[in-house]
Amino acid sequence: MFKSIDELVSQATQAGAPISRVMIDSEMEQSGKTERQLREGMAASLEVMKAAARKGLQGVASHSGMTGGDARRLMAYLEKGQALTCGTFVRALACAVATNEVNASMGVICATPTAGSCGVLPGVLLAVQEKLRAPDEALVDALFCAGAIGYVIANNAMISGAAGGCQAEVGAASAMAAAAAVELAGGSPEQCAQAMAIAMKNLLGLACDPLAGLVEVPCIKRNAAGAANALAAAEMALAGVRSHIPPDEVISALYAIGLSMPLALRETAQGGLAATPTGQRWKKLLWQGRDTD
Amino acid sequence: MCIPCDDIYHASLTVLPLIKNHGSAGSAGSAISREGARYATLCPENAKGEAGMKYRSVFDIIGPVMIGPSSSHTAGAVRIGQLARKLFGQAPEKADFHFFGSFARTYRGHATDVAVLAGVLGLQADDPRIPEAYRLARASGLTFAFHEEAAIPVHPNTVTIRLAAAEAAITVTGISIGGGLVQISRVDGFDLRLTGEAPALLIFHRDAYGAIASVTRLLASAKINISHMEVSRARRGQDALMVIETDQPVNEEIVRLIQSQPHIFKTIKLEV
């Protein structure tokens with residue numbers, strides 16, 4: 001078992017194995033399950049992620065009617081071949097948005113680590129899979145790597161917007177995805193940790209301020225931003241760029257910021273974007289006839 | 001109206017900043033503050049170190065597979081509803097839900113009402129029928145109501161559920177800590193910390209010599225290992241609750257034997 005990123009990386013480095021290996025061994029010990037059972041469980045989650053992305057790319061509308069169809073727009077744009085960046089990048093945005101649109105439509109998703117941030121990790125991994133032509137088995141490993149990073153963040157800080165703001169949801173998801181992308185691309189455990197730290201640092205302080213309390217605005221596009229940030233951090237780590245602040249200190253900062261964040265910015269639909277005139281108009285419309293504070 | 005005011009106070013009116021700013025304030029305030037300070041030690045978001053390893057599996061992070069839109073406000077709410085139903089041990093005729101904090105503010109947007117009701121109906125977090133929980137509840141003859149509470153809870157995602165049927169009733173407070181994980185923090189006025197992920201016994205008993213030993217002796221003789229145990233009591237010599245999480249499931253015969261011991265009022269068996 002490991003309690004910090006530092007412990008995780010040193011265990012992996014000593015064993016000459018990737019982070020996913022340390023996570024699988026630790027989970028086998030903790031749960032008493034076999035590696036095969038664990039892999040089958042994770043493969044089933046991967047299938048849920050793929051199905052959600054596919055469904056979202058075809059276009060879905062949210063339960064409230066406020067959002068939907070943006071993943072489809074992104075794919076149509078990509079197919080026109082005039083995107084400014086490479087296909088991997090736009091595909092990551094599209095898959096992230098697709099997954100979160102399915103979530104907002106009350107469809108089936110896999111929380112990674114939360115439902116509000118469920119698009120980031122599949123967005124990055126499905127796009128990188130296509131780029132690297134990686135088999136599903138490699139994606140299953142990458143998910144264990146992401147899980148190890150999320151496990152440390154969750155136990156040393158928090159992973160709910162109500163407790164620590166969006167930095168604890170999309171921020172944590174982006175850090176997990178950055179590390180997973182690095183492992184998928186063949187980077188070292190140390191590079192995974194650096195990618196995690198860089199991605200997390202970039203989203204520290206992010207408020208959880210959804211309109212009318214719905215997991216839609218700004219959540220869906222934040223998932224795209226979380227995926228983009230994860231790819232940026234992964235590229236930097238793979239290039240050998242290092243974070244000035246060590247990974248575990250970044251997690252401590254996340255925790256401290258989360259604790260000091262005002263209630264209005266922690267999933268209460270009272271501050272930030274939710275408090276703008278447009279945000280309040282939506283609240284009134286969606287909560288019609290009810291007390292809107 | 002359905003939950004004694006006192007219970008709502010204990011469950012929720014524990015403002016952490018209040019402790020910092022007004023710790024030595026007037027008598028009413030400091031009583032609440034003391035309660036708050038005690039709760040702070042139970043609140044997982046404030047628990048660091050060994051006891052703070054609140055997520056134990058990689059599938060707590062990559063998962064659960066669930067119906068959207070929120071792991072804490074939807075999937076976690078389903079789970080709390082399920083646990084309340086399991087603790088009640090029968091189909092309720094009436095259900096009252098009291099939302100606190102972020103739950104009170106945003107439950108409509110996150111479908112927390114639909115989710116917690118679906119849980120009370122026994123649905124799983126990935127059941128596609130969750131969006132229809134209102135209709136399913138009415139069809140089953142369950143009457144239900146939702147209440148928004150103004151009190152600020154220690155944990156922002158708090159719900160107190162009161163289930164009733166004929167003569168029986170139970171009041172359960174649960175918190176949703178993120179990623180779909182939950183904890184039951186209070187049952188019928190007693191503090192506890194129950195995740196529902198291991199088999200558990202909740203034994204209401206008189207705070208008397210030998211009550212606890214009589215139970216642990218029975219479990220030991222049945223080769224059932226205790227993984228976690230805690231005792232909470234109203235006052236010395238009065239009613240108390242012991243919560244025992246076990247590695248092995250406890251069969252009905254053991255439950256009957258426990259129930260027949262002196263000082264034991266009621267035993268609830270929680271299965272995984």
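Segment A:18-157: D in µm²/s via Stokes-Einstein (Kirkwood Rh, Cα pairs, 10 °C, 1.306 mPa s)? Display every interim value, and only then the final one.
On the way: Rh = 15.8 Å.
Approximately 101 µm²/s, per Stokes-Einstein.
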### Summary
Counting only DSSP loop positions in segment A:108-203, the trypsin sites (Lys or Arg not before Pro) whose Cβ has at most 12 other Cβ atoms within 10 Å are A:R133
### Message
What three numbers, in Å, describe the spread of the alpha carbons of segment A:138-293 along their principal axes, ordered from the longest?
### Response
55, 28, 23
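Taking only C-alpha pairs under 8 Å that are 6+ residues apart, what is the relative contact order of segment A:86-203 in percent? Before the final figure, lay out each step's value.
Working: 162 pairs, mean separation 27.9, N = 118.
Relative CO of segment A:86-203 lands at 24 percent.
Based on the Cβ-Cβ distance from B:K94 to B:R129, what FRET efficiency comes out when R0 is 25 Å, to the nearest 0.05?
Working: r = 21 Å, r/R0 = 0.86.
Calculated transfer efficiency: 0.70.
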### Message
What does the extension gain come out to for A:E47 and A:K284, with contour length at 0.36 nm per residue minus their alpha carbon separation?
### Response
81.5 nm
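How much length, in nm to one decimal, is gained on full extension between A:A275 and A:L263, taken as 0.36 nm per residue of separation minus their Cα-Cα distance?
On the way: separation 12, 0.36 × 12 = 4.32 nm, distance 1.30 nm.
Extra length from A:A275 to A:L263 when fully extended: 3.0 nm.
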#### Entry: Paramagnetic reach from A:E40 in segment A:15-34 [backbone N under 20 Å; point 7 Å along Cα→Cβ]
A:24-34
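Per the Kirkwood treatment, what hydrodynamic radius in Å, one decimal, follows for segment A:209-283 from the mean inverse distance over all distinct Cα pairs? Numbers along the way, then the final one.
Values: mean 1/r = 0.0691 Å⁻¹.
Over segment A:209-283, the inverse of the mean reciprocal pair distance is 14.5 Å.
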### Query
Measuring from label point to label point, each 7 Å out along Cα→Cβ, what is the B:A139 to A:L84 span in nm?
5.1
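Taking 0.36 nm per residue of sequence separation and subtracting the Cα-Cα distance, how much length would be gained by fully extending the chain between B:V272 and B:A234, in nm to one decimal? Write down the numbers at each step before the final one.
Working: separation 38, 0.36 × 38 = 13.68 nm, distance 2.78 nm.
Result: 10.9 nm gained on full extension.
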### Query
If A:K80, B:K223 are ordered by their accessible area, calculated over protein heavy atoms with a 1.4 Å probe, which sequence runs from highest to lowest?
B:K223, A:K80
### Query
Leaving out ligands, DNA and RNA but keeping every protein chain, what accessible area does B:E149 have, in Å² rounded to the nearest 10, with a 1.4 Å probe?
50
### Task
Mind listing the lone cysteines of chain A, meaning no other Cys beta-carbon sits under 4.7 Å from theirs?
A:C86, A:C95, A:C110, A:C118, A:C145, A:C192, A:C219
### Query
For segment A:169-293, what is the relative contact order in percent, using Cα pairs closer than 8 Å and at least 6 residues apart in sequence?
33
### Query
How large, in percent, is the carbon and sulfur part of the accessible surface of chain A at a probe radius of 1.4 Å?
54
### Task
Quick one: give the max-minus-min coordinate of the C-alpha atoms of segment A:160-218 along each principal axis, largest first, in Å.
42, 18, 15
### Task
Identify the residues of segment B:235-265 with backbone N under 20 Å of a label point that sits 7 angstrom from the Cα of B:A220 along the Cα-to-Cβ direction, or state none.
B:242-251, B:254-264
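How high is the FRET efficiency from B:A213 to B:Q259, r the C-beta distance, R0 22 Å, rounded to 0.05?
On the way: r = 16 Å, r/R0 = 0.73.
Efficiency computed from Cβ-Cβ geometry: 0.85.
If you take the C-alpha gyration tensor of chain A, multiply each eigenvalue by 5 and take the square root, what semi-axes do you get, largest first, in whole Å? It would help to have the intermediate numbers written out before the result.
Numbers: eigenvalues 182, 99, 61 Å².
Result for chain A: semi-axes of 30, 22, 17 Å.
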### Message
How large is the translational diffusion coefficient of segment B:172-214 in µm² per second when you combine the Kirkwood radius over alpha carbon pairs with Stokes-Einstein at 4 °C and 1.567 mPa s?
### Response
107
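Using a 1.4 angstrom probe, figure out how much accessible area segment A:60-99 has per residue, in square angstrom, rounded to the nearest whole. Provide the component values of the computation, followed by the final result.
Values: 2070 Å² over 40 residues.
On a per-residue basis, 52 Å².
Give the Rg/Rh ratio for segment B:188-272, taking Rg as the radius of gyration of the Cα atoms and Rh as the Kirkwood radius, to two decimals. Intermediate values should be presented prior to the final figure.
Working: Rg = 11.8 Å, Rh = 12.8 Å.
Reported Rg/Rh, Kirkwood definition of Rh: 0.93.
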### Task
Please report the buried accessible area for the interface of A with B, total over both chains, probe 1.4 Å, in Å² to the nearest 100.
3900
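Compute the normalised compactness of the protein assembly as shown: alpha-carbon radius of gyration over 2.2 N^0.38 Å, N being the residue count. Walk me through the numbers before you get to the answer.
On the way: Rg = 23.5 Å, N = 565, 2.2 N^0.38 = 24.4 Å.
My calculation over the Cα atoms of the protein assembly as shown gives 0.96.
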### Task
Express in Å², to the nearest 10, the accessible area of A:C86 obtained by rolling a 1.4 Å probe over the protein heavy atoms while all chains stay in place.
80
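Between A:K3 and A:E137, take the C-beta separation as r, use R0 = 25 Å, and let me know the FRET efficiency to the nearest 0.05.
Numbers: r = 28 Å, r/R0 = 1.14.
Working from the Cβ atoms, E equals 0.30.
The values are calculated or read from the model by the stated rules, or taken from the named source; none is laboratory data. What you see is a predicted model; the values in this text were computed from it and never measured. Ideal geometry is used to build each Cβ from the backbone, glycine not excepted, and the neighbour counts take in all protein chains shown. Each accessible area value is taken on the protein alone, full model and side chains, heavy atoms only, with ligands, DNA and RNA left out. Shrake-Rupley method; radii C 1.70, N 1.55, O 1.52, S 1.80 Å.
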